Ligand SMILES: [Zn+2]
Ligand SMILES: [Zn+2]
Ligand SMILES: [Zn+2]
């Protein structure tokens, strides 16, 4: 999710000052520790800045500051909860049609098995893969920051928005694990998502109220106290909760802002109900690894991210194959549409299945596609061919 820029096994830059060693005096050691503490705070700020983008960008971002690193430390923290087991799926229900989630998921984005609406976001799934982006992406993002600041100073929303579109366009292709799998092969979804993210970012950047909360967040992050050793610093919980309080205010402010700025309706998943959850998820991924276990559990509770998993129920489903990628999925009785977990394409289940004339494979064509290259033999398969 673009949040994991901490490398637990690497000491902060700088290291011991020249000449420092077992014989160096206490002052040198103290200076060294001070410097490391300063760098740790800078790191925390960087993480927080990234978490903030996710927070307010509704559908997680990471576009702002590109992270390069590993997330194994986050995985360790999340192990305080039972990890999702094969054969289990997050317990949740569709906000659109009311159906319970039954079929397995592959990414953090949980889509309805009956109507293909985005239902939920599974933080523990999000933490499974390493989403460290390419260093070239990080460089590209960092190179836009000065221009973005200048655009804000000049009140130039159009330039700012264009910059963010470039950033998010790179983000969806270079950090695919961090965005919905729908962005992988559905250009319409991808473009809408990029436009939506850029607009959300722009709304935040030009809103004085939101910027004041950003400043408050920075102050509170700077006020954090750390314990533990330098290799794995721990945030003192009493200094951390004010940070979470500010996040809560930001999520509230973001909701109001997105509505008034017309951002909400740009969301290609129409998932305003997930705004806060996605915000808390990004925040948790930034901070869980630096909290003592008990506080980490409290944070997950406060964020409403303590998941429950239920067994997958695919028994009464009709096995079908996706004409986009060949993956098998189950069409449950009464289902009208589904998002393929293999490739993210949307499929209307009302349409007839189609047989490939070359290899005989039977498949369901993605919505809006009249022809595909057979995922099994590459021959052209046409919808019109079976009429
Ligand atoms: Zn539904
Ligand atoms: Zn597929
Ligand atoms: Zn074929």
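The values are calculated or read from the model by the stated rules, or taken from the named source; none is laboratory data. Only a predicted model underlies this, so the values are computations on that prediction, with no experimental measurement involved. Positions of Cβ are backbone-derived with ideal geometry, glycine not excepted, and every protein chain shown enters the neighbour counts.
Has the range 269-288 got any residue that is surrounded by fewer than 19 Cβ atoms within 10 Å (Cβ to Cβ) and over 18 Å from the mean Cα position of the chain (by Cα)? Checked against the condition, which is being surrounded by fewer than 19 Cβ atoms within 10 Å (Cβ to Cβ) and over 18 Å from the mean Cα position of the chain (by Cα), the range 269-288 yields no hits at all. Checking every residue in the range 178-190 against the condition of being out of contact with any strand residue (DSSP E or B) (no Cβ under 8 Å at 6 or more places or on another chain), at positive phi and modelled with pLDDT of 95 or more gives zero matches.
Residues checked against (1) under 26 Å from residue 125 (Cα atoms); (2) out of contact with any helix residue (DSSP H, G or I) (no Cβ under 6 Å at 6 or more places or on another chain); (3) within 16 Å of ligand 1 (Cβ to nearest atom):
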site: 313; (1), (2), (3): yes, yes, yes
site: 319; (1), (2), (3): yes, yes, no
site: 335; (1), (2), (3): yes, yes, yes
site: 342; (1), (2), (3): yes, yes, no
site: 352; (1), (2), (3): no, yes, no
site: 364; (1), (2), (3): no, yes, no
site: 374; (1), (2), (3): no, yes, no
site: 384; (1), (2), (3): no, yes, no
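I'd like to check something: does the range 226-237 contain any residue that is in a helix (DSSP H, G or I) and touching a helix residue (DSSP H, G or I) at 6+ places or on another chain (Cβ under 8 Å)? There is at least one residue in the range 226-237 that is in a helix (DSSP H, G or I) and touching a helix residue (DSSP H, G or I) at 6+ places or on another chain (Cβ under 8 Å).
Taking (1) assigned to a helix (DSSP H, G or I); (2) away from ligand 2 (no atom under 16 Å from the Cβ); (3) closer than 30 Å to residue 309 by Cβ in turn, residue 192 satisfies each apart from (3).
Residue 272 meets the stated requirement of being within 30 Å of residue 369 (Cα to Cα) and at pLDDT below 95.
Can you tell me which residue within the range 94-117, out of those that are in a strand (DSSP E or B) and within 16 Å of ligand 2 (Cβ to nearest atom), is nearest to the chain's Cα centre (by Cα)? Restricting to residues being in a strand (DSSP E or B) and within 16 Å of ligand 2 (Cβ to nearest atom), the top hit is 109.
Give the residue, chosen from 291, 300, that is more than 20 Å from the chain's Cα centre (by Cα), buried (at least 19 other Cβ atoms within 10 Å of the Cβ), assigned by TED's automatic domain parsing to the domain that holds residue 231 and away from ligand 1 (no atom under 16 Å from the Cβ).
291
Only a single item in (1) assigned to a helix (DSSP H, G or I); (2) over 20 Å from residue 180 (Cβ atoms) is not met by residue 316, and it is number (1). Beta carbons closer than 6 Å, at least 6 apart along the sequence or on distinct chains, pair a first residue in the range 104-115 that is more than 8 Å from ligand 1 (Cβ to nearest atom) with a second that is assigned to a strand (DSSP E or B) for 104/89; 105/89; 108/121; 110/90; 110/119; 110/120; 111/118; 111/339. For the range 360-376, a tally of residues being within 9 Å of ligand 3 (Cβ to nearest atom) and either under 13 Å from residue 329 (Cβ atoms) or surrounded by 13 or more Cβ atoms within 10 Å (Cβ to Cβ) (or both) returns 6.
For the residues 304, 317, 286, 282, the requirement of being away from ligand 3 (no atom under 16 Å from the Cβ) and on the phi > 0 side of the Ramachandran plot singles out 304.
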